[in-house]
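First comes the structure, then the notes that go with it.
The values are calculated or read from the model by the stated rules, or taken from the named source; none is laboratory data. The structure displayed is predicted, hence computed values, not measured ones. Here Cβ is always computed from backbone atoms with ideal geometry, including for glycine, and neighbour counts include all displayed protein chains.
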Amino acid sequence: MITVSLMVMVILGVLSANFFGLREDQLIEAKGGMNDSSRRAIGEMMHDIRAAKGYDIGNISTSTNFLAYANGTSMQGTAVRLYTAIFSTNQAINFTNYIIYYFNTNNAASSDGILYRMTASSSTPTVVVSNLVNSFTFSSEFYTGGVQNVKTYKGIVHTTLQFCQFQYPKATVGTNGLFQSYRIDCRATPHLPDGP
């Protein structure tokens, strides 16, 4: 009897350790997946900014039209338009070839702000990252960190992405829910700009 009860206790201990390990593996897999997908998305955005020949800061209207800020206003908005090509004849920026990154803040109250990417060749936006809870702005800054009031090709594009997601896929919603929250501060400038 003693041997059987000890054996049952050992088996129960091994099973509970296995179940704990499986739960821990699910948690690590969820965290790793979130971090990896956001890192790849931010890497693509940083590459696009660095490869740009020029950019505008502005806002996106409801019909997905980009409205750039004019000189004299604070260069801080919910969208950035990156010009990716130049005309080979005179090295001027080709304004018909661009990429737009913009924040959709319609679901920001429920901690689901979304960063979209749209190109000139396709007006259908694709989701870059979601579950954002921060201020949802792009800004053009001086090297010292202040927001510019005049558009210049020497500016730095800055945005902050703060994520908030459930740690466990089946976590309960409410005050005892477990969240994974992290923040990525992005600053990049075009490496070889050709003009404002």
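At-a-glance table
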quantity	calculated
Candidate set from region 76-109 (those that are under 17 Å from the mean Cα position of the chain (by Cα) and modelled with pLDDT under 85); member that is surrounded by the fewest Cβ atoms within 10 Å (Cβ to Cβ)	ASN106
Residue among PHE138, PHE142 that is buried (at least 19 other Cβ atoms within 10 Å of the Cβ) and under 19 Å from ASN71 (Cβ atoms)	PHE138
Condition met for VAL150 (modelled with pLDDT of 75 or more and closer than 20 Å to ASP48 by Cα)	no
Filter result for GLY145 (modelled with pLDDT of 75 or more and at positive phi)	yes
Region 110-131, subset surrounded by fewer than 16 Cβ atoms within 10 Å (Cβ to Cβ), polar (S, T, N, Q) and not in a loop (DSSP other than H, G, I, E, B), residue modelled with the lowest pLDDT	SER110
